[in-house]
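Structure first, commentary second.
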Amino acid sequence: MAFGIRLLVWGERACFTRPEMKVERVSYDVITPSAARGILEAIHWKPAIRWHIDRIHVLKPIRFESIRRNEVGGKLSPASVAKAMKAGSTAGLATFVDEDRQQRAATVLRGVRYLIEAHFELTDRAGPDNSVGKHLDIFNRRARKGQCFHAPCLGVREFPASFELLEEGVPLPEPAPGVEANKDLGWMLHDIDFSDGMTPRFFRARMQGGVIEVPPWQAGEVKA
Amino acid sequence: MILQALARYYQRLIERGADDIAPYGYSPEKISYEIVLAPDGVVLAVNDIRDTTGKKPQPRVLEVPQPEKRTVGIKSNFLWDKTSYVLGVSATSKRADKEHEAFKALHESALAGAPDEGLKALLAFLQRWSPEQFQVPLFSDEMLDANLVFRLDGEHRHLHEREAAQALRARLLGGGEKGAGPAAAAEGVCLVHGESAPIARLHPAIKGVNGAQSSGASLVSFNLDAFTSYGKSQGDNAPVSEQAAFAYTSVLNYLLRRSGDNRQRLQVGDTTVVFWAESAGNEADARAAEDFLASLFSPPDDDSEAERLRVVLDDLGKGRPLAELDPDLAPGTRMYVLGLAPNASRLSVRYWQADTLEVFAKRLAQHAQDLRIEPLPWRVEPTVYRLLLATVPNREGAKPKADDAFGNLIGETMRAILGGGLYPRSLLASTVMRIRSDGNLSGMRAAICKGVLVRERRLGIRTSDEEISVSLDKQSTQPGYLLGRLFAVLEYVQRSALGGQVNATIRDRYYGAASATPAAIFPVLLRNTQNHMGKLRKERPGQAVTLEKEIREIVAGLPDEFPRSLRIEDQGRFAIGYYHQSQAHFTKHDAAGDAAGPTKTETEGAL
């Protein structure tokens with residue numbers, strides 16, 4: 001893969017929420033491809049490119065921790081926002097957090113570190129002045145300098161991600177002691193298919209030698 | 001992973017033919033009465049089928065078509081329900097007429113044209129019936145709001161057990177017809193087994209978690225709109241097939257059942273823990289593994305049993321393989337441990353661990369070793385729950401309450417034990433704090449301090465280069481440990497000089513300050529001790545000499561100046577040193593048969 005990139009990401013905590021347990025949150029064991037894509041897009045993304053995650057290396061043992069937080073139970077409905085726009089006034093358009101509390105528990109990951117291997121493709125929105133080399137250079141330059149459009153996060157915004165570009169030719173970092181090499185992670189969210197009614201697509205995630213191979217988006221093993 | 005493992009366990013239970021576990025579309029429910037119908041729908045009899053062996057008649061648990069999930073709406077169950085639905089009478093419901101209407105409508109549409117004799121009888125019954133007929137001698141007020149089933153006269157099985165009824169039920173489930181069975185659902189990929197199947201909108205409720213609503217709580221639910229994403233509603237947020245949703249909830253309800261023979265459920269603080277085994281070999285292996293883990297989690301109260309378990313734990317801790325200790329156990333059996341806690345009509349997962357039996361057994365052995373302190377302050381290895389009771393206020397005359405424990409301390413400790421990770425630091429901090437505030441230095445508390453420090457050291461967090469020993473370590477040069485020992489000796493001197501009847505010993509008065517700020521307290525204490533020594537020298541010169549020697553030895557190991565303050569881990573060591581030293585006096589006394597008052601430090605047996 002000529003235009004692949006390798007990015008190290010790490011953080012104190014992470015929460016890659018399982019869809020079935022997104023209310024009382026429970027995290028997946030490892031980062032999901034869509035969360036990894038989100039991190040890359042925070043560094044560089046244009047409509048002309050689409051990121052694909054190829055491989056995820058797990059560099060720290062999987063550890064969990066439980067926390068509880070106060071959150072809100074409701075959100076503003078689109079209908080009332082539309083009404084306010086039509087009326088030209090925001091009167092009554094508000095959520096008071098102290099009147100709508102929900103305490104929620106979360107079982108989150110503690111001390112994570114991953115190596116993301118990914119590449120991108122040009123989409124049909126790429127014009128004549130877009131080329132693979134250009135976007136690759138932009139990404140590498142930005143990642144090297146630590147630049148990003150918004151702070152990349154590990155699953156949820158409260159858990160920021162630190163990142164570092166792993167330059168070409170630099171050997172892979174050694175996983176920390178205690179990393180389980182082989183593990184069946186079950187059905188994991190691959191990504192949301194935004195072109196098809198926002199359908200979630202799943203794949204069977206397996207960790208082999210500490211590495212998770214992510215099947216390509218249109219592969220048969222990814223099911224919508 | 002959790003749902004997958006549960007669904008797999010359901011499969012195995014079905015294959016094994018376990019009791020209380022219902023096939024798809026059915027569920028065990030509490031039924032009190034049966035109505036016997038003639039083929040033309042006339043009520044012939046009403047039988048009380050409750051179990052009357054106990055003091056109070058208990059409803060019998062029958063396998064009936066799975067109930068609808070009811071909150072505020074009127075939804076009727078199929079072929080059984082409570083009286084307000086079946087007969088339109090109720091002591092509590094104000095809308096029994098509407099509920100009966102729903103029952104009638106459902107069955108009239110579902111049973112129409114059914115050739116079966118029993119189903120025809122039910123239809124005829126519904127046409128004849130009016131709530132006014134609810135009268136003695138057939139019916140009594142006691143029946144109100146109990147669950148009813150039907151039976152055709154002259155048959156043993158109930159109406160819902162007839163082949164025709166079951167076939168109809170299967171068709172209703174499969175077709176997803178309105179009103180019967182779960183509502184029509186869209187197809188999607190099930191995230192439990194990855195096949196395309198109808199997606200469950202609402203998942204059945206889970207009963208049996210302490211503190212949750214008695215009608216059941218949900219593990220998977222989206223009961224507020226802030227919990228939904230991408231404009232999806234209910235079950236579409238997490239596509240789980242009807243089959244899988246049924247499987248994981250039934251098996252969880254089975255694991256959570258409250259009956260005496262259920263060893264797979266235990267309560268640890270506010271968390272209800274269930275565990276189960278999955279064996280590659282036969283079911284007996286899985287059963288043996290479950291029993292073994294149960295005995296590790298809650299050690300038997302019986303002395304000889306506890307002793308045997310201790311031997312097993314000791315051997316495991318020394319690294320002997322499990323198979324050698326008990327040939328019945330297959331070390332490769334996979335164990336699953338799931339901790340659930342209620343939260344606002346939902347269930348949250350406190351911890352989830354999946355590993356082999358060998359790994360779990362090793363970790364529990366490690367836990368027992370980390371905590372071990374000599375002399376052993378307990379008869380039976382303490383459960384996590386008892387351990388945590390040591391971190392809450394021990395008020396005189398009142399039992400310690402687990403509610404007083406810090407937030408999630410129990411959960412995190414349990415996770416540390418099962419996962420082999422660090423104990424939460426707050427376990428040490430709250431134990432030390434409690435010792436200082438209520439002055440009760442029990443062996444359990446010293447053991448907790450030791451456990452936290454030993455485990456941190458083993459996992460690479462070193463607060464000192466020195467190991468913490470199980471029993472009195474005279475070679476130790478740890479200031480915290482030495483000061484704890486010194487304090488114990490000073491207290492002992494006081495007691496020897498003044499007898500056991502002192503109103504407030506130096507421990508009662510100075511423990512907190514001595515363990516936190518030694519430099520401010522110890523010089524005063526040493527000065528006062530001279531008075532006690534003076535008295536002792538006159539009365540028992542021999543003992544005075546030994547004690548003086550002991551003090552001199554300890555002080556010689558200390559740095560030139562008393563430390564100004566001790567960090568929390570050194571305060572933990574202080575507690576350990578104190579415990580070791582005071583217990584050493586105690587045991588020496590026992591050996592010598594000395595009549596002087598024993599130390600007050602309690603040794604805790606089983607609660």
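Can residue A:10 be described as in a strand (DSSP E or B) and open to solvent by 30 Å² or more (accessible area, probe 1.4 Å)? Here the answer is yes, as residue A:10 does meet what is asked.
Being within 14 Å of chain B (Cβ to nearest Cβ), open to solvent by less than 60 Å² (accessible area, probe 1.4 Å), of a type in the set (Val, Ile, Thr) and part of a strand (DSSP E or B) holds for only one residue in A:116, A:212, A:192, and it is A:192. For region B:217-234, state whether one or more residues are in contact with a Pro (Cβ under 8 Å, 6 or more places away or on another chain) and either away from chain A (no Cβ under 14 Å) or part of a strand (DSSP E or B) (or both). The answer is yes; a qualifying residue exists. Residue A:200 meets each of the listed conditions (1) more than 13 Å from every other protein chain (Cβ to nearest Cβ); (2) part of a strand (DSSP E or B); (3) over 18 Å from residue A:54 (Cα atoms); (4) not acidic (Asp, Glu) apart from (1). When A:80, A:66 are checked against the criterion of being within 14 Å of chain B (Cβ to nearest Cβ) and touching a residue at least 40 places away in the same chain (Cβ under 8 Å), A:66 stands alone in meeting it.
Whether any residue in region B:236-248 is open to solvent by 50 Å² or more (accessible area, probe 1.4 Å), farther than 21 Å from residue B:383 by Cα, within 14 Å of another protein chain (Cβ to nearest Cβ) and modelled with pLDDT of 85 or more is what I want to check. Yes, region B:236-248 contains a residue that is open to solvent by 50 Å² or more (accessible area, probe 1.4 Å), farther than 21 Å from residue B:383 by Cα, within 14 Å of another protein chain (Cβ to nearest Cβ) and modelled with pLDDT of 85 or more. Residues of region B:13-42 that are within 15 Å of residue B:158 (Cβ to Cβ) and surrounded by fewer than 16 Cβ atoms within 10 Å (Cβ to Cβ): B:30 alone. One residue is enough: does region B:393-408 have a residue meeting the conditions within 11 Å of another protein chain (Cβ to nearest Cβ) and surrounded by 17 or more Cβ atoms within 10 Å (Cβ to Cβ)? There is at least one residue in region B:393-408 that is within 11 Å of another protein chain (Cβ to nearest Cβ) and surrounded by 17 or more Cβ atoms within 10 Å (Cβ to Cβ). Looking at the structure I just gave you, is residue B:553 more than 22 Å from residue B:452 (Cα to Cα), open to solvent by less than 70 Å² (accessible area, probe 1.4 Å) and modelled with pLDDT of 85 or more? So residue B:553 does not fit the description; no. Within the set B:81, B:51, the sole residue that is over 30 Å from residue B:333 (Cα atoms), in contact with a helix residue (DSSP H, G or I) (Cβ under 9 Å, 6 or more places away or on another chain) and not β-branched (Val, Ile, Thr) turns out to be B:81. Taking residue B:119 as the residue in question, decide whether it is assigned to a helix (DSSP H, G or I) and closer than 16 Å to residue B:36 by Cα. Criteria met by residue B:119. If you filter region A:16-28 down to residues that are surrounded by fewer than 23 Cβ atoms within 10 Å (Cβ to Cβ) and under 19 Å from residue A:56 (Cβ atoms), you find that the one that is farthest from the other protein chains (Cβ to nearest Cβ) is A:17.
Quick grid of which residues meet (1) at pLDDT 85 or above; (2) outside any loop (DSSP other than H, G, I, E, B); (3) of a type in the set (A, V, I, L, M); (4) out of contact with any strand residue (DSSP E or B) (no Cβ under 9 Å at 6 or more places or on another chain):
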site: B:411; (1), (2), (3), (4): no, yes, no, no
site: B:414; (1), (2), (3), (4): yes, yes, yes, no
site: B:417; (1), (2), (3), (4): yes, yes, yes, yes
site: B:423; (1), (2), (3), (4): yes, no, no, yes
site: B:430; (1), (2), (3), (4): yes, yes, no, yes
site: B:433; (1), (2), (3), (4): yes, yes, yes, yes
site: B:441; (1), (2), (3), (4): no, no, yes, yes
site: B:449; (1), (2), (3), (4): yes, yes, no, yes
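For region A:103-113: of the residues being open to solvent by 40 Å² or more (accessible area, probe 1.4 Å) and under 20 Å from residue A:178 (Cα atoms), which is nearest to the chain's Cα centre (by Cα)? Only one residue tops the list, namely A:113.
Do you know which of the residues in region A:1-15 that are of a type in the set (Gly, Ala, Ser) and under 21 Å from residue A:149 (Cα atoms) is nearest to the other protein chains (Cβ to nearest Cβ)? If we take residues in region A:1-15 being of a type in the set (Gly, Ala, Ser) and under 21 Å from residue A:149 (Cα atoms), then A:14 is nearest to the other protein chains (Cβ to nearest Cβ). Any residue in region A:158-183 that's in a loop (DSSP other than H, G, I, E, B): show its pairings with residues that are exposed (fewer than 15 other Cβ atoms within 10 Å of the Cβ) at Cβ separation under 6 Å, as long as the two are six or more apart or on different chains. So the pair list comes out as A:181/A:209; A:182/A:208. When region A:51-63 is filtered for residues that are open to solvent by 40 Å² or more (accessible area, probe 1.4 Å) and more than 14 Å from chain B (Cβ to nearest Cβ), only A:55 remains.
In region A:90-102, of all residues being open to solvent by 50 Å² or more (accessible area, probe 1.4 Å) and of a type in the set (S, T, N, Q), the one that is nearest to the other protein chains (Cβ to nearest Cβ) corresponds to A:95.
Does region B:23-40 hold any residues that are more than 16 Å from residue B:257 (Cβ to Cβ) and either of a type in the set (D, E, K, R) or at pLDDT 85 or above (or both), and which are they? Residues satisfying the conditions are B:31, B:32, B:33, B:34, B:35, B:36, B:37, B:38, B:39, B:40.
Does residue B:212 fit the bill of being at pLDDT 85 or above and either within 15 Å of residue B:67 (Cα to Cα) or in a loop (DSSP other than H, G, I, E, B) (or both)? Before you say what the answer is, go through the steps one by one.
Values: at pLDDT 85 or above: yes; either within 15 Å of residue B:67 (Cα to Cα) or in a loop (DSSP other than H, G, I, E, B) (or both): yes.
Considered against the rule, which asks whether it is at pLDDT 85 or above and either within 15 Å of residue B:67 (Cα to Cα) or in a loop (DSSP other than H, G, I, E, B) (or both), residue B:212 comes out as yes.
Does residue A:143 satisfy the criteria of being free of Cβ contacts under 8 Å to residues at least 60 places away in the same chain and either surrounded by 14 or more Cβ atoms within 10 Å (Cβ to Cβ) or part of a loop (DSSP other than H, G, I, E, B) (or both)? No.
Being more than 30 Å from residue A:144 (Cβ to Cβ) and surrounded by fewer than 18 Cβ atoms within 10 Å (Cβ to Cβ) is the filter here, so list the residues in region A:166-184 that pass it. Across region A:166-184, the qualifying residues are A:178, A:180, A:181, A:182, A:184.
The set of residues in region B:1-12 being open to solvent by 60 Å² or more (accessible area, probe 1.4 Å) and within 14 Å of chain A (Cβ to nearest Cβ) consists of B:8 alone. From the list B:73, B:54, B:88, the lone residue that is modelled with pLDDT of 85 or more and assigned by the TED database to the domain that holds residue B:154 is B:88. Residue B:110: crowded, with 19+ Cβ neighbours inside 10 Å, in contact with a Pro (Cβ under 7 Å, 6 or more places away or on another chain) and more than 20 Å from residue B:214 (Cβ to Cβ), yes or no? No. Filtered by the rule that a residue be among the small types (Gly, Ala, Ser), more than 13 Å from the chain's Cα centre (by Cα) and open to solvent by less than 20 Å² (accessible area, probe 1.4 Å), region B:409-430 gives B:416, B:430.
Within region A:29-50, being more than 14 Å from chain B (Cβ to nearest Cβ) and open to solvent by less than 10 Å² (accessible area, probe 1.4 Å) holds for A:31, A:33, A:36, A:39, A:40, A:42, A:43, A:44, A:48, A:49.
The values are calculated or read from the model by the stated rules, or taken from the named source; none is laboratory data. As the structure is a prediction and not an experimental result, all values here were calculated from the model. For neighbour counting, all protein chains shown are included, and Cβ atoms are generated from backbone atoms with ideal geometry for every residue, glycine included. The area values use the complete protein model at the heavy-atom level, side chains included, leaving out ligands, DNA and RNA. Shrake-Rupley method; radii C 1.70, N 1.55, O 1.52, S 1.80 Å.
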